[in-house]
Protein chains: 2
Amino acid sequence: MIQKRGKTQTILADIKLKIKTGTWHVNFLMPTQRALAEHYSVNRSTIVEVIDQLQADGLVETRGRQGTFVVNQTWSLLASEQPKHWGQFVDTGFHQANQPIIQSINQLEFDERYIRLGTGELSPSLYPKDAMNRILTDVGLNTDNLGYECPKGSLALRQAISQQVAKYGIEASAESILIVSGSLQAMQLISIGLMSSDALLLTESPSYVKSLNTFQSVGIELQGVAMDDSGIDLKALLNQLPTGKSKMPYLYTIPTFHNPTGVLMPENRRQELMTFCNHYKLPLIEDDAYRELWLDSPAPPPLKAMDTQGNVLYLGTVSKSLAAGLRIGWVIGPEPVIDRLGDIKMQLDYGASSISQNIVTEWLNSGAYDSYLVTLREALRVRRALTLTLLETHFKDLATWNSPTGGFYIWLRLNKSVSAAQLFKKAVAEFILLNPGDIYDYEKNQYLRISYAYASHEQLTIGLRTLSEILHSF
Amino acid sequence: MIQKRGKTQTILADIKLKIKTGTWHVNFLMPTQRALAEHYSVNRSTIVEVIDQLQADGLVETRGRQGTFVVNQTWSLLASEQPKHWGQFVDTGFHQANQPIIQSINQLEFDERYIRLGTGELSPSLYPKDAMNRILTDVGLNTDNLGYECPKGSLALRQAISQQVAKYGIEASAESILIVSGSLQAMQLISIGLMSSDALLLTESPSYVKSLNTFQSVGIELQGVAMDDSGIDLKALLNQLPTGKSKMPYLYTIPTFHNPTGVLMPENRRQELMTFCNHYKLPLIEDDAYRELWLDSPAPPPLKAMDTQGNVLYLGTVSKSLAAGLRIGWVIGPEPVIDRLGDIKMQLDYGASSISQNIVTEWLNSGAYDSYLVTLREALRVRRALTLTLLETHFKDLATWNSPTGGFYIWLRLNKSVSAAQLFKKAVAEFILLNPGDIYDYEKNQYLRISYAYASHEQLTIGLRTLSEILHSF
């Protein structure tokens, strides 16, 4: 098999070179499969594989009985030749092995036949359609222009966010807030604007951020730090701080309803963490995407509220609580840092959608957001209870799990270690889409991220029962 | 002066090191200015400059008579230490010299006292408020969810764009279209996803793209190619193709109502250019942002419409014709290339705003866009005529200029070469904001980009008269 793959690659490279140099020009009729097999001294099946790949890359086209023709040479060739450019710094091994699963998830998510048991997004049925409709009308009536916004984003929105975060103890002027097109973009801005390539980003193990390429793609190393029921473990963190000047360490943390484990960091751990970071001058990125989704009682104040030294860059968003499709998030930090990130954002996309910014401003200022959150929490409580009951019914002998106090996620630990790839595949065959825990972790694990936020009640009921049957079959 | 600057930098670095290592910890009271001047053997004025810079970086704070205290150490220090990270590959010399002017423009644009004579954006008075209001209501009523979109963007929008571009001869399936958050993002995706760092990007000289950092920031070299009244000069282009394998060349072109010169490439030049690029296998990026803004007669078909070999990546947008703040653009190209760009986009920001996508879909499908364009062209014709009359009145002995047949720009060549920085400054003093031609060029020039799209009729009248007076004073 390995030898065959080697041959396929060699032949592919040879043919691409012919296309690139124009020896095989556009509309050139390729030799028959038989002739190619003979020429390269391989089986027909290898040639079929090569031609399939060339077709997938958009370089050749088979026209019925006429044969296979070269159709394209420049951009498609570039796209096919540089699959490693964007991810050239990505850790080899584990991460790449998982990439196909993430790509599958991204594609299958848009196929409505699938029950999505792990999706980190609100169910469409929770979408506040009537309120959004009223707000769109108001925004329309009040908008005299939809031009570019200033580098930090709409001032009105930044003022509204300043008031919103004050409710949980963050004092931030509008000037120290940057509007971004979702938190993911904030991470990109931080990685290219503030971190050098000798950076070491420490994160909880597991962590949502491990499933992304954002930091790795600019050469930043990620390292997981053990966590317990209260979040990141400070002894482990201390042990992992690089000694000497070998690496510049940073910490990325989700202290509130952690993704994927659902863990909530209590107030005393928060204080200890801040003391630790201040002592070791460890710059912190606090991702607070799930704060508004507390189900039992409000979460302790964010780390940013305890930050006296500008040590915390704080990320907020409406993607998890209102509508991911608005693509609105924010970064709060020291003003010169925000200025710098804003300057880079202007160079990347000239700012987030103005209409999205106006809509979020109206949600916040009208009070509609806070009222909506009350009903949203109620709906999520019902979903959490249903899901926990289903787990109790079907998974007692299969797994153990936590009972989250907010956010979307239950971190399900399977008693028996099974291959994530095999389980994923078997589930897909039953039209169930899973988020295997491996995606978020630094090593193989035996977890699944279960989300009670996305699938309908009926889908959760069917999906979890079916999943338990699949697991029994292993 | 140079020596003083050297000293300031040395002292700054020394103090930052003290802050970084914690020798000067947070809340540390700094020595007096006098003591510092003595310690470093410099004048008080140098110390004042150092402290101003530390304040601007957010590292220290002067508290009245109590003195100056260290307030911050981590993120602010990182931001202040890495000013060159993002732009580390940017050409030294000319481009950096202009950077301050672009930063000034970005800031002053949001000060309403200024008359903006060069802004590449529609005037707020041209914003179709009533139609947008109707569309927002329709979108609200028809939207059942604002979740994430699939990797290439909303299918409905891609279908609508497929129909729109068919009107000027581009055959593109929805699968070969990627929705982006504005054309600037498209360029970023292409630069990181398809171009290697040994790429040489050829552009018209001057070109809008020269004012950006997008390509340069990933190490791509830009080179200007001479243009004539019909656009890019093919003989010059041939001379500038790299020989051997030293560099991989690409072409970025704005053939239709070129930014900043307003030049329209006629059909025969388009055909010659396509033949040239196909022959030399030169991949092309066609930026067609201004196509819909023809004023006398529709522009010739885009290069993409003549592309039989997948040689053209086509960029479209509604930023120039409808509302820049929607942040919606599109890339059209071979499907495998679009797949790849879509995959990268997902890693950067999870797609463009869904609500913006829904709004643009509704504009296109309802026919409101095409009707609005008719009235927009009429308004732009009036503005063009006014501006040309004003130039005739005030600039006859000062400059020469073209009469554009579409787009936003008049490329004003001053008879007398004046310092762009001085002219910019003098104009700012009179509350006039200019876009000096240098920003877009590869060498100093004596042009100004005048836009008849943004300033009001009254502002154009006052602004151009005042500008002529300033020029006379040189």
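Listed values, structure above:
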read-out	value
Average accessible surface area per residue within chain A, 1.4 Å rolling probe, Å²	39
Solvent-accessible surface ranking, highest first, for A:Tyr454, A:Tyr442 at 1.4 angstrom	A:Tyr442, A:Tyr454
Across the identical copies, how the B:Ser366 labels are spaced - nm, sorted shortest first, 7 Å along Cα→Cβ	1.8
Carbon plus sulfur fraction of accessible area for region B:419-474, probe 1.4 Å, in percent	50
Accessible area of B:Tyr447 in the full protein assembly, 1.4 Å probe (Å², nearest 10)	60
Rounded if a/c under 1.5, otherwise prolate or oblate - region B:375-474, Cα gyration tensor axes	prolate
At 7 Å out from Cα toward Cβ: B:Arg65 inter-copy label distances (nm, ascending)	10.3
Flagged links, alpha-carbon separation over 20 Å, of A:Lys129/A:Lys320; A:Lys210/B:Lys345; B:Lys129/B:Lys152	B:Lys129/B:Lys152
Copies compared at A:His25 - label distances in nm, ascending, label defined 7 Å from Cα in the Cβ direction	7.6
10 Å Cβ neighbours from other chains, averaged over peptide A:326-339	5
Per-residue mean of C-beta atoms belonging to partner chains within 10 Å, peptide B:162-170	0
Carbon and sulfur %, accessible surface of region A:148-300 computed with the full protein complex present, 1.4 Å	50
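The values are calculated or read from the model by the stated rules, or taken from the named source; none is laboratory data. Keep in mind that what you see is a predicted model, and the values were worked out from it rather than measured. Backbone-built Cβ (ideal geometry, glycine too); neighbour counts: all protein chains shown. Surface accessibility is based on the protein's heavy atoms, side chains included, excluding ligands, DNA and RNA. Shrake-Rupley method; radii C 1.70, N 1.55, O 1.52, S 1.80 Å.
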